[in-house]
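Below you'll find the structure, written out as structure tokens, and then a few comments.
The values are calculated or read from the model by the stated rules, or taken from the named source; none is laboratory data. Small disclaimer: the values here were computed from a predicted structure and weren't measured. Here the Cβ positions follow ideal geometry from the backbone for every residue, glycine too, while neighbour counts run over all protein chains shown. What goes into the accessible areas is simple: the full protein's heavy atoms, side chains included, and nothing from ligands, DNA or RNA. Shrake-Rupley method; radii C 1.70, N 1.55, O 1.52, S 1.80 Å.
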Amino acid sequence: MTGSRLFALLGWPVEHSLSPAIHGAAFRELGIDASYVLLPVREEELNGVLPAVARAGGGNITVPHKESAARLVDRPADDVRRTGACNCFWAEGDEVAGDNTDVGGFRAAVEAWQEARLPGSRILLLGAGGAARAVVAACRDAGAESVEIWNRTTRRARDLVRSSGDATAGSGTALSVLESRWDAVGSYDLVVNATSLGLEPDDPLPLDLTDVEAAAVFDLVYGRDGTPWTRHAGGLGLPARDGLEMLVRQAGLSLRRWLDVEPPIGPMLDAARSAAGRGEG
Ligand code: NAP
């Protein structure tokens, strides 16, 4: 590889992102001459910025632009088409290609965890936004038995099931919508929070885990000491993971797309933990 490459995270806001630390660790480990910067971009600027950054190296997209980016890229990967969201882009000739590495990132994070598995599992999913779409796609890819979705806005959960069903016809995973959180009965192998609850200190828990029978808990939100919900799960003796490893795994998949390299997950995880203010572990 010749010359320094530039990669960027486009979003609004972007300043609290751990991605520069994660990718910086990967570039150092791999001996790649590149930098990763944060670029606050408004919706109306995305169309112009996306191709320029793609030509410089590539980048990631975060809130609130993932859906807009899915519409703007010239070459959307399958995971962009079926989720309607794009979080990773790069140049292919004169065109911009895009992928949604949250799908593989979620799957890889669960697969790296001893306490849970997706194949054949009964999953309760909280939320129906962009991240929930990625979780549904990953669960279907991995052959989960079922995904029951509860969302504050039920119509959005119905839309998710309708579009996921169309886009992944042939999957054996049963998708259904719960009208109320009290409809979450029976036992779940994994309960997943894909709402944004937990980002703010005063947020309520996404779900009181004494109300369901759960074997393991995965929160897409992450924090310095896990999240309020993973701590709640831990207090009940349930194995729980927050979204930090998913963040690292999606970053690793982005590196593969940009540079066709094997991501150094260990050093990337260490960098993420340290940037999040955590000790080793
Ligand atoms: P989004 O599209 O804006 O969706 C937000 C979701 O949260 C919706 O289901 C929304 O419900 C729900 N929600 C928001 N406020 C709520 C409240 N007060 N009570 C109940 N539900 C509420 O966001 P997203 O892109 O899906 O992201 C969701 C979360 O996943 C964010 O915290 C994000 O940081 C995290 N995430 C993590 C990773 C990772 O790598 N770890 C990757 C992607 C996303 P309504 O539909 O009713 O509004």
1/(1 + (r/R0)^6) with r = Cβ-Cβ of D78 and S196, R0 = 25 Å, i.e. FRET efficiency to nearest 0.05, evaluates to 0.45
For the chain, what does -39500 (n - 2.57) per DSSP helix run (n ≥ 4), summed and divided by total residues, give at 222 nm, in deg cm²/dmol to the nearest 500?
-11500 deg cm²/dmol
Alpha-carbon Rg with Dmax, taken over the stretch 116-238, Å:
13.6, 42
Using only Cα atoms, figure out Rg for the stretch 1-88 and give it as a multiple of 2.2 N^0.38 Å.
1.09
Go through the stretch 210-217 residue by residue and turn each phi into a ³J(HN,Hα) via Karplus (6.51, -1.76, 1.60, θ = phi - 60°); whole Hz please, and just put x for glycine and proline.
6, 8, 10, 9, 10, 8, 7, 9
Shape of the chain from its Cα gyration tensor (a ≥ b ≥ c, root eigenvalues): rounded if a/c is under 1.5, otherwise prolate when a/b > b/c, or oblate?
prolate
Using +1 on the beta carbon of Lys and Arg, -1 on that of Asp and Glu, and nothing else charged, what's the dipole of the stretch 116-238 about the Cα centre, debye to 20?
320
For the peptides 227-236, 204-213, 187-196, 262-271, what is the packing order when you average, over each peptide's residues, the other Cβ atoms within 10 Å and list the highest mean first?
187-196, 227-236, 262-271, 204-213
FRET efficiency for D260 and Q114, Cβ-Cβ distance as r, R0 = 35 Å, nearest 0.05?
0.70
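How many Å² of accessible area per residue for the chain, probe 1.4 Å?
Accessible area per residue, the chain: 45 Å².
Quote the charge dipole size of the chain about the Cα centre in Debye, to the nearest 20; the model charges only the Cβ of Lys and Arg (+1) and of Asp and Glu (-1).
Here the chain has a charge dipole of around 220 debye.
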Assuming R0 = 25 Å, can you tell me the calculated FRET efficiency for the pair D208 and R155, based on Cβ-Cβ distance, to the nearest 0.05?
0.55
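Arrange the peptides 100-107, 127-134, 111-118 so that the one whose residues have, on average, the most other Cβ atoms within 10 Å appears first.
Working: 100-107: 26.6, 127-134: 24.2, 111-118: 15.5.
By packing density, highest mean first, the sequence is 100-107, 127-134, 111-118.
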Suppose a student asked you for the relative contact order of the stretch 116-238, using Cα pairs under 8 Å spaced at least 6 residues apart; what percent would you report?
26
For the chain, which whole-number percentage of the solvent-accessible area (1.4 Å probe, protein heavy atoms only) is attributable to carbon and sulfur atoms?
47
Can you tell me how much longer the chain between N47 and A174 gets when fully stretched, taken as 0.36 nm per residue apart minus their C-alpha distance, in nm with one decimal?
42.0 nm
